[in-house]
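Below is one structure, written out as structure tokens; the observations come after it.
Read-outs: derived from the displayed coordinates by stated rules, not from any lab. The structure displayed is predicted, hence computed values, not measured ones. Positions of Cβ are generated from backbone atoms using ideal geometry, with glycine treated the same way; all protein chains shown enter the neighbour counts.
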Amino acid sequence: MDTNYGQFISKKFINTLFAITFAFLVVQYINEFTVGNNIIRIITTVLFLIALLITLYFHFVNRAFDYRKGHILKPLQKDMMKRLNFNGKGTVLDAGCHLGAYTITLSKTYKHAMITGVDHDTKLNCEINAKAEKVKKRTTFVEGSLSALGFKDKSFDAVTSCLAFSKAKVNTQGITAALRVLKKGGTFCFVDDFDNPKHYNIEALIADLKKQGYRQVEYIAHLEDEDYVPKYVRTPFVYRHIGMLYGKK
């Protein structure tokens, strides 16, 4: 059974780009075999080349973020698990699990723990992936909102999230919800675009966590500058302002 962890850039968006590129090519051919207008030829050629370059760019972005063959997510999540500093026994929550790639990696790494992934509508696909990876018995997937998690307070020994909160447009609400279900003494590690002032005030967030009594709160900025991240994805609209926030409750 094969796994399907989806794409960083949605398939619908990529298909739309292919359709636009093909449309410019069709218009160009119609012009050549009908009116033969030079202005139309120049315009459609330029637009076709621009659309082709954009399409190819996002194709290579998806390859870079491919969970099985890409260069980014596996080393990023390996570092996250290191910073999570979880002892491997107990329960872990992956908030914003998407199709379960990180959740399943947690299950493979922490063989004596129970791992739960939560997202709004991907439960079935996650379970198929977990079965294919032979971790279904220790991995549970739940559908729910990241800003209002349906778990009791202090339910998990560790909570983590990878590039999910701002994508779900919950930002600090998502962090608050995740930390609510973390046990006293439990650890957390979140990666998101924390350096983006439109989504977070990271200095204020860290200060607030320390004020609430969270310990060993650390922050690593600009993860997009890590050596394993290809330079062509370090753009504001793909992978920028990325930081890692971790600590202990």
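Percent relative contact order of the chain, based on C-alpha pairs within less than 8 angstrom and at least six residues apart? Before the final figure, lay out the partial values.
On the way: 419 pairs, mean separation 40.4, N = 249.
Once divided by the residue count of the chain, the mean separation gives 16 percent.
Over the chain, what is the percentage of antiparallel beta bridges among all DSSP beta bridges, to the nearest 5? For the chain, the DSSP antiparallel bridge percentage is about 30. Among all helices in the chain defined by DSSP H, which have a length of 15 Å or more along the axis from Cα atoms plus a Kyte-Doolittle mean of at least -0.5? Membrane-span-like by this criterion, though nothing is claimed about a membrane: 11-33, 38-65.
In this label model, Arg68 and Ser10 are separated by 2.4 nm, measuring between points 7 Å along each Cα→Cβ vector.
Label separation (Asn87 vs Thr34): 7.4 nm, computed from points 7 Å beyond Cα along the C-beta direction. Straight-line cross-link partners of Lys152 among the lysines, defined as a Cα under 18 Å from its Cα and at least 8 positions apart when in the same chain: Lys183, Lys184, Lys249.
Each part reduced to its alpha carbon centroid, segment 143-173 and segment 88-111 end up 13 Å apart. The slack between Glu143 and His222, meaning 0.36 nm per residue of separation minus the straight C-alpha distance, is 25.4 nm. Using the Cα coordinates of the chain, the gyration tensor eigenvalues translate into equivalent-ellipsoid semi-axes of 41, 21, 15 Å, sorted from longest to shortest.
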